[in-house]
Amino acid sequence: MHPYGYVRVAAATPRLHLADVASNVAETLLLLEQAEALGVNLLVFPECHLTGYTCHDLFHHETLQRRVLTHLQHLIREGSRRYRGVAVYGTPWAVDGQVFNVAVVVQGSEILGIIPKSYLPTYKEFYDRRYFSAAGHALRRTISWEGQEVPFGADLLFCCRSWPELIFAVEICEDLWVPIPPSSSAALAGAMILLNLSASNDLVGKASYRRQLVVSQSGRCLAAYVYTSSGVGESSTDLLFGGHALIAENGTLLAESDRFSYTGGLTAADVDLQHLWHDRCQMTSFHDNRLAHAQEWRRIPFSLELSPRSPELLRAIDPQPFVPADPASRDERCREIFHIQVSALARRLEQTGTPPVAIGVSGGLDSTLALLVACKTADLLKLPRRHIHALTLPGFGTTERTLSNARSLMEALGVSAQEIDIREICLEQMRALGHAPFGIPLTGETVESFSDKLRRLPASRRYDLVFENVQARVRTSLLMNTGFVIGTGDMSELAVGWCTYNADHMSMYNVNVSVPKTLVRFLVRWAAEHEFQGNTRKILLDIADTVITPELLPPDASGNIVQLTEEVVGPYELIDFFLYHFLRFGSSPEKILYLARQARFSRPYSPEELKHWLRTFLKRFFAQQYKRSCLPDGPKVGTVSLSPRGDWRMPSDAAVQEWLAATEPT
């Protein structure tokens with residue numbers, strides 16, 4: 001089995017020759033060779049591809065029936081030399097005076113099982129019942145084949161001996177289109193991969209509906225769904241077949257073929273069984289549903305020899321899983337999140353009697369987004385924007401750029417703006433504590449003299465946690481005494497604890513609490529381009545380009561920022577990548593590193609860098625849970641959230657050692 005749970009599946013679309021079994025077997029063998037070279041483990045062919053689906057009354061001819069069995073013997077014998085995975089062939093099969101439309105599951109030189117089609121379309125252009133019998137009409141549960149009894153029926157699950165999660169089931173074409181497909185029951189019985197052999201003709205709009213059907217079924221079943229349909233060689237008389245191959249996993253389309261190809265080929269992807277297994281473990285109602293739809297299934301064991309293949313995955317690894325790469329999809333995502341934030345805040349303010357709102361505005365990304373949400377909420381509730389008390393609270397690390405942007409933004413938005421220099425307050429608190437920040441005694445120091453000494457501090461001495469925390473808590477105290485405080489911290493900061501406990505960590509309602517950092521910049525930019533105009537838009541676009549820093553440590557003598565967040569906690573694109581796979585799928589550290597090595601981030605990261613930042617992430621994530629255990633309310637906007645009341649519950653004292661050990665090679 002693959003160490004990280006990936007099984008390589010492929011949907012074959014062979015060139016088809018109607019009623020010419022020998023030629024179709026030859027085309028099949030060519031694709032078996034391609035599948036072996038590609039390292040495919042599980043390969044599915046279209047419905048009746050050994051004869052063609054549109055043979056119609058020829059299915060009842062003994063000549064065709066005999067030729068199918070003869071050539072199938074050759075295909076199995078020769079195929080076992082060319083391909084070591086599991087192959088599923090489509091063919092008619094005559095038994096007990098009936099002809100069934102079946103899928104033949106083959107591994108090596110053995111037929112593992114034969115699955116007849118359950119539901120036969122007999123409407124419009126389809127006449128299946130004229131030629132075939134449905135699975136329910138079968139008179140036997142096995143078929144004799146070369147001295148062996150082969151399981152026969154629509155109740156077969158194929159279970160890999162060496163890979164417990166690798167369980168698959170098969171259905172045929174129309175089976176997917178009925179209200180309760182056989183694959184639904186198969187998934188409830190444990191099937192993780194669902195295969196469909198189809199011969200679906202092409203009509204205007206049918207491809208998009210077919211795609212929606214496959215993707216939706218994979219999502220409902222928490223499974224992978226591999227679908228393939230006959231190509232243009234199937235076309236005859238009034239019908240055109242385009243050859244449509246689709247591979248979906250839990251509601252996401254992994255791969256899709258081009259249609260109307262005359263050459264045929266393979267559509268392949270790597271399916272993540274570990275992800276599917278995790279989601280089934282998590283979604284307990286999935287297993288409750290089994291009780292209401294109990295069905296007996298026969299389990300067919302098989303052995304699988306993995307074909308050699310390159311380590312690169314046949315699936316896209318999104319370097320920014322929270323940010324859609326497609327601009328249109330990204331705009332839609334931003335629009336939806338922004339309006340979720342606005343609607344949620346409006347509901348909370350209505351519930352609390354629309355009190356005066358207080359928000360700290362630093363000129364950075366997070367506070368800007370929260371302020372924009374507050375303004376649009378005020379508009380929605382028909383409150384004047386002066387109802388929003390925006391405070392900018394410059395301290396020892398505030399830069400001229402962010403302060404200027406904060407001032408300009410508050411003015412442009414028309415909120416009640418107030419600027420309070422917190423440096424003198426912070427000096428008084430540190431004097432009261434008897435604290436000498438950075439080893440500098442505060443006796444006789446003024447704000448100006450102390451700030452001058454800070455600028456001349458060497459880099460090696462620029463660390464003082466009390467100095468940072470005093471500023472953060474002074475700001476929060478001023479905000480709490482002003483009004484109903486809107487929190488600004490984002491989900492990525494909460495993941496690594498990049499906030500001061502009971503300071504920027506706390507608020508009455510945090511609109512950004514489940515928004516990842518990599519998406520915040522896009523949200524601000526989207527709001528600038530779609531919700532605001534004129535000078536406000538110009539200011540927002542400048543803020544969107546601001547570097548990320550908490551501005552708690554002073555700039556150097558040249559005015560340069562010395563406290564860059566990403567130099568401490570790691571690049572946010574990596575934090576969000578780690579967070580997504582750690583929370584969404586429960587991925588192991590080894591697997592996260594494996595995926596990160598294949599993702600194309602904004603810049604290349606060496607394996608050593610990825611390991612360093614993942615270990616940093618894990619240490620901080622475990623150590624900072626106590627902050628997440630008492631988060632204020634805030635709207636959930638995506639599938640990943642850290643709210644202790646819903647999505648993420650872990651003990652604050654959990655040990656990280658097992659996860660750190662997993663980052664080391666064994």
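So what's segment 177-321 giving for Cα Rg divided by 2.2 N^0.38 Å, two decimals?
That ratio works out to 1.15.
Per residue of segment 273-286, in order, report the coupling 6.51 cos²θ - 1.76 cosθ + 1.60 (Karplus, θ = phi - 60°) as ³J(HN,Hα) in whole Hz, putting x for Gly and Pro.
5, 5, 4, 5, 4, 4, 5, 5, 4, 6, 8, 5, 5, 4
Which of ARG298, ARG473 has the fewest other C-beta atoms within 10 Å, and how do the rest follow up to the most?
Going from sparsest to densest Cβ surroundings: ARG298, ARG473.
So what's the back-of-envelope 222 nm ellipticity for the chain, counting only DSSP H runs of four-plus at -39500 (n - 2.57) apiece and dividing by all residues, rounded to 500?
Using -39500 (n - 2.57) per qualifying helix, the result is -11500 deg cm²/dmol.
Under unit Cβ charges (Lys, Arg +1; Asp, Glu -1), what dipole magnitude, rounded to 20 debye, does the chain have relative to its Cα centre?
680
Can you pull out the GluC sites (Glu not before Pro) in segment 285-367 whose DSSP state is coil and whose Cβ has at most 15 other Cβ atoms within 10 Å?
GLU296, GLU305, GLU312
What is the ratio of the Cα radius of gyration of segment 460-550 to 2.2 N^0.38 Å, with N the residue count, to two decimals?
For segment 460-550, the normalised Cα radius of gyration is 1.24.
Residue by residue through segment 334-351, what is 3J(HN,Hα) from phi via Karplus (6.51 cos²θ - 1.76 cosθ + 1.60, θ = phi - 60°)? Round to whole Hz and write x for glycine and proline.
Ordered by residue, 3J(HN,Hα) equals 5, 4, 5, 4, 4, 6, 4, 4, 5, 5, 5, 5, 4, 4, 5, 5, 4, 5 Hz.
Sort 509-515, 628-634 for me by packing, meaning the mean count of neighbouring Cβ atoms within 10 Å per residue, highest on top.
Order by mean packing, descending: 509-515, 628-634.
May I ask you to derive the relative contact order of segment 213-366, considering only C-alpha pairs under 8 Å and at least 6 residues apart, and to give it as an integer percent?
The value is 15 percent.
Give the angle, between 0 and 90 degrees and rounded to the nearest 10, that separates the Cα long axis of helix 423-433 from the longest principal axis of the Cα atoms of the chain.
80
When the scattering of segment 6-302 is computed by the Debye formula from its Cα atoms alone, each counted once and equally, what is log10 I(q)/I(0) at q = 0.13 Å⁻¹?
-0.83
What fraction of the DSSP beta bridges in the chain is antiparallel, stated in percent and rounded to the nearest 5? Could the numbers behind the result be given before it?
Working: 40 of 76 bridges.
Here the antiparallel bridges make up roughly 55 percent for the chain.
Provide the packing ranking of 143-155, 402-414, 184-196, i.e. peptides ordered by the mean count of other C-beta atoms within 10 Å per residue, highest first.
The densest-packed peptide leads the list: 184-196, 402-414, 143-155.
List the residues, sorted by chain then number, that are 5 or more residues from ALA94 or on another chain and whose placed amide H is less than 5 Å from its amide H.
PHE100
Which entries of LYS376/LYS538; LYS376/LYS517; LYS382/LYS636; LYS453/LYS517 have Cα-Cα distances beyond 28 Å here?
Details: LYS376/LYS538 18 Å; LYS376/LYS517 21 Å; LYS382/LYS636 25 Å; LYS453/LYS517 33 Å.
Checking Cα-Cα distances, LYS453/LYS517 exceed 28 Å.
Could you give the length gained on full extension between CYS281 and ASP258, defined as 0.36 nm per residue of separation minus the Cα-Cα distance, in nm?
Result: 4.8 nm gained on full extension.
Going through segment 301-382, which trypsin sites (Lys or Arg not before Pro) have at most 14 other Cβ atoms within 10 Å and a DSSP loop state?
LYS382
Taking the Cα centre of segment 6-302 as origin, work out the dipole magnitude from +1 charges on Lys and Arg Cβ and -1 charges on Asp and Glu Cβ, in debye rounded to 20.
260
Once you list every other residue whose beta carbon is under 9 Å from the beta carbon of SER183, what net charge do they have if Lys and Arg are +1 and Asp and Glu are -1?
Spelling it out: positives minus negatives among the neighbours equals -2.
Express the relative contact order of segment 6-302 as a whole percentage, based on alpha carbon pairs under 8 Å and six or more residues apart in sequence.
The value is 21 percent.
What size of dipole, in debye to the nearest 20, comes out for segment 339-417 about its Cα centre when the only charges are +1 on Lys and Arg C-beta atoms and -1 on Asp and Glu C-beta atoms?
It comes to approximately 180 debye.
Quick one: check the C-alpha center-to-center distance for segment 404-439 versus segment 284-334, whole angstrom.
About 49 Å separates the Cα centre of segment 404-439 from the one of segment 284-334.
Beta carbons within 10 angstrom, averaged per residue: use that to sort the peptides 222-233, 575-586, 60-71, highest first.
Numbers: 222-233: 27.7, 575-586: 22.5, 60-71: 15.2.
Peptide ranking by packing, descending: 222-233, 575-586, 60-71.
Quick one: grab Rg to one decimal and Dmax as a whole number for segment 39-80, Cα atoms only, in Å.
Cα radius of gyration and Dmax of segment 39-80 are 12.4, 38 Å respectively.
Over the chain, what is the relative contact order in whole percent, taking alpha-carbon pairs under 8 Å and six or more residues apart? Present the calculation step by step, with values, prior to reporting the outcome.
Working: 1295 pairs, mean separation 74.2, N = 666.
Relative contact order here is 11 percent.
Considering the options THR28, LEU75, GLY147, tell which one lies farthest towards the positive end of the dipole of segment 6-302, charges being +1 on Lys and Arg and -1 on Asp and Glu at the Cβ, about the Cα centre.
Farthest along the dipole direction, towards plus: GLY147.
For TYR594, TYR127, what ranking results if the residue with the fewest other Cβ atoms within 10 Å of its Cβ goes first?
Taking fewest neighbouring Cβ atoms as first place, the list is TYR127, TYR594.
Of GLY231, ALA623, ALA186, which is farthest along the charge dipole of the chain in the positive direction, counting Lys and Arg as +1 and Asp and Glu as -1 at C-beta?
Of the options given, the answer is ALA623.
Placing +1 on the Cβ of each Lys and Arg and -1 on the Cβ of each Asp and Glu in segment 250-304, which of HIS293, LEU254, LEU273 has its Cα farthest towards the positive end of the resulting dipole?
About the Cα centre, the residue reaching furthest to the positive side is HIS293.
In a shell of Cβ-Cβ distance under 14 Å around LEU433, excluding LEU433 itself, what net charge do Lys and Arg (+1) and Asp and Glu (-1) give? Each step should come with its number before you reach the end.
Working: positive: ARG431, ARG473; negative: GLU428, ASP464, GLU468.
Combined, the nearby Lys, Arg, Asp and Glu give -1.
Readers should treat all values here as calculations from the given coordinates under stated rules, not as data from a laboratory. Since this is a predicted model, take the numbers as computed values, not measurements. Cβ sites come from the backbone with ideal geometry, for glycine too, and all protein chains shown count toward neighbours.
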